[in-house]
Amino acid sequence: MRIFYAATLIFAFAFSTMFAQPKLEIEGGTTYDWGKVTPEESPLKASIKLHNKGDKTLEIKRVKPGCGCTTAPLDTNIIAPGKFATLDVTLNVSTYDGPVTKSISIFTNEEVEKTTLMIKANVMRPITVFPKFLSFPKLFVNEESVGKVVITNNTDKPVKVTGVDVSARVIAGATDGDAIMKVNVKVGDVLNPKVPYTVEATLMPKSTGRLSSSVKITTDSKESGLIEISGWGNIVDPKEEPKTGQNR
């Protein structure tokens, strides 16, 4: 009888060992959401626990962030049954605007070796500019061209313009020098909450070359005291343009 019980125990142990499996479980689920954040909070950080809910040692073979704006070092890659490791996630959102979603791939010794962790945030900027740069139509010497962007005040309070600085330069041309650029923004203008404000920049280039321009708008906002809008373009001589197939 003792031999029978011993054999049964040995068989049960061998059976359980044979079918033992690791099991990764991410605390909080496979999506981590910071919610609404501001660029000033960047980089965003979170410590996420990776549990082994199985009955065999879990090995984290590799952790692969989906882009260079994300890092995810792990404090240990060997997790015993019932234990956990900590994944320290960092996401740089300083240049983002609006919803951001990135992925982190976790490779293990499980039967399905890849698990994907999604990380999310909604970057709220007090003041946004769209598009981000001044885009001019084809530029011709001594002819006016207009570029437009829209500024939106996303706060709940009016923002007043306290200063405007405009510059435009022709570079990499036959003669480097200034170009004449004017904007419709004036000191004292008010950016009302949630109301689009169109900035119009009128440019009069004086020589051919590469245009580099900048509009700097200072405000009384503590959250966004400086709005800087850059612009580029190629300036050509209309006399050198082909007469056939020309679309101006």
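Just so it is clear, none of the values below were taken in a lab; they were calculated from the coordinates. The shown structure was predicted, so the numbers you read here are calculated from the model rather than taken from an experiment. No Cβ is skipped: glycine too gets one built from the backbone with ideal geometry, and neighbour counts run over all protein chains shown.
Computed values, structure above
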quantity: Dipole magnitude (debye, nearest 20) for region 127-240, charges at Cβ of Lys, Arg, Asp, Glu; calculated: 180 debye
quantity: Dimensionless Rg/Rh of the chain - Kirkwood Rh, Rg from C-alpha atoms; calculated: 1.28
quantity: Sites Lys36 and Thr202 - FRET efficiency at Förster radius 25 Å, r taken between beta-carbons, to 0.05; calculated: 0.10
quantity: Neighbourhood net charge (15 Å Cβ-Cβ; Lys/Arg +1, Asp/Glu -1) for Gln21; calculated: -3
quantity: Hydrodynamic radius by Kirkwood, which averages 1/r over all alpha carbon pairs of region 22-123, in angstrom; calculated: 14.0 Å
quantity: Charge dipole magnitude, Cβ of K and R +1, D and E -1 - the chain, Cα centre, debye nearest 20; calculated: 300 debye
quantity: Ellipticity estimate at 222 nm from DSSP helix runs (n ≥ 4, -39,500 (n - 2.57)) divided over the chain, nearest 500; calculated: -2500 deg cm²/dmol
quantity: Range in the chain, longest, excluding exposed GluC sites (Glu not before Pro) [loop by DSSP; at most 15 other beta-carbon atoms within 10 Å]; calculated: 28-110
quantity: Subset of Lys36/Lys160; Lys36/Lys114; Lys132/Lys160; Lys102/Lys186; Lys64/Lys157 violating a 31 Å alpha-carbon distance limit; calculated: Lys102/Lys186; Lys64/Lys157
quantity: Descending principal axes extents, region 127-240, alpha-carbon based, whole Å; calculated: 51, 20, 18
quantity: Cut-off 16 Å (backbone N to label point 7 Å along Cα→Cβ of Ser230), residues of region 52-95; calculated: 95
quantity: Cβ-Cβ FRET estimate between Ser214 and Glu143, R0 fixed at 25 Å, reported to 0.05; calculated: 0.75
quantity: Amide H within-cut-off set for Phe140, under 5 Å, with H built and near neighbours excluded; calculated: Val236
quantity: Pairwise label distance in nanometres, Glu111 with Lys194, each label 7 Å out on the Cα-Cβ vector; calculated: 5.2 nm
quantity: Cα Rg over Rh - region 25-75, Kirkwood; calculated: 1.01
quantity: For region 127-240, share of DSSP beta bridges that run antiparallel, in % to the nearest 5; calculated: 85 percent
quantity: Residue-by-residue Karplus 3J(HN,Hα) for region 187-197, coefficients 6.51, -1.76, 1.60, Hz, glycine and proline x; calculated: 4, x, 4, 10, 9, 6, x, 6, 9, x, 10
quantity: Positive minus negative residues near Ser105 (Lys, Arg vs Asp, Glu; Cβ under 12 Å); calculated: +4
